1. Starting from the Cα of B:Q56, step 7 Å along the direction of its Cβ; do the same at A:E41; then give the gap between the two resulting points in nm.
2. State the percent of C-alpha pairs, over all pairs in region A:33-92, separated by a distance greater than 20 angstrom.
3. Based on the alpha-carbon set only, what is the convex hull volume of the protein assembly as shown divided per residue, in Å³?
4. Distance from the Cα centre of region A:76-98 to that of region B:1-37, in angstrom?
5. Determine the distance separating the Cα centre of region B:41-110 from the Cα centre of region A:60-74; give it in Å without decimals.
6. Given Cβ point charges of +1 (Lys, Arg) and -1 (Asp, Glu) and nothing else, what value in debye, to the nearest 20, does the dipole of chain B about its Cα centre take?
7. Do any trypsin sites (Lys or Arg not before Pro) in region B:1-42 lie in a loop, going by DSSP, with at most 12 other beta-carbon atoms within 10 Å of their beta carbon, and if so which?
8. Give me a comma-separated list of calculated 3J(HN,Hα) values for region B:70-84, in order, Karplus coefficients 6.51, -1.76, 1.60 applied at θ = phi - 60°, integers in Hz, x for any Gly or Pro.
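All of the numbers you see were taken from the coordinates with simple rules; none came from a lab. Predicted model, so just to flag it, every value in this text is computed and none were measured. Here Cβ is always computed from backbone atoms with ideal geometry, including for glycine, and neighbour counts include all displayed protein chains.
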Amino acid sequence: GQQLNQSPQSMFIQEGEDVSMNCTSSSIFNTWLWYKQEPGEGPVLLIALYKAGELTSNGRLTAQFGITRKDSFLNISASIPSDVGIYFCAGFNNAGNMLTFGGGTRLMVKP
Amino acid sequence: DGGITQSPKYLFRKEGQNVTLSCEQNLNHDAMYWYRQDPGQGLRLIYYSQIVNDFQKGDIAEGYSVSREKKESFPLTVTSAQKNPTAFYLCASSIGVTQYFGPGTRLTVL
């Protein structure tokens, strides 16, 4: 089946630092989604990307849909303690007709 | 308020017992999904339903069963055949591609 490789698996950073994470695939996707999951809760949608090359921001978060349609990136600027959680990417293509999730990036922020 | 509810938040069961997890949505979404999440792991698809009275197996359906008698409801039964049922269970619904998740149920089998 389709695979999404998400990296890094975990990050431990200092408050105020910028964060970058990415998802790559051998398959082409038509839509990329980024979710955040806080401990003991369900994932919450952060950003949705629908077009190759698209760059979308949501506050301090910025995500990009890669030109090749096989990758996506999420950046968080000036991290704060409440950014702690697991960030998941998810991709969709019409052939599979289902979302494929990455394994998640666990972010820890030191005050 | 529109959203997805899962109940209960925490559930304890003895080994060998079947248990049913509830998922309700009032978003008028056609499609609903069940995922399993183990500590430090991603999401694995158990079952999904794209329309009432129809559902499909996901990647790890063995030991689980579902029903979709109403658009709003998609209960998941964890049967005694599931070898390792202790996990965090997430329900989602979607309109188009984007899935929206419930708060999850943590099932612990003693």
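1. It works out to 3.1 nm between the two label points.
2. 24
3. Here the figure is 123 Å³ per residue.
4. Centre-to-centre (Cα) distance: 22 Å.
5. First find each Cα centre; the distance between them is then 29 Å.
6. Values: 11 positive and 10 negative charges, 63 e Å.
The calculated dipole for chain B is roughly 300 debye.
7. On the way: sites: B:K9, B:R13, B:K14, B:R36; in loops: B:K9, B:K14.
For trypsin sites (Lys or Arg not before Pro) across region B:1-42 that sit outside H, G, I, E and B with at most 12 neighbouring Cβ atoms in 10 Å, the list reads B:K9, B:K14.
8. Whole-Hz 3J(HN,Hα) from phi for region B:70-84: 10, 4, 7, 10, 9, x, 10, 9, 9, 8, 5, 6, 6, 5, 9.
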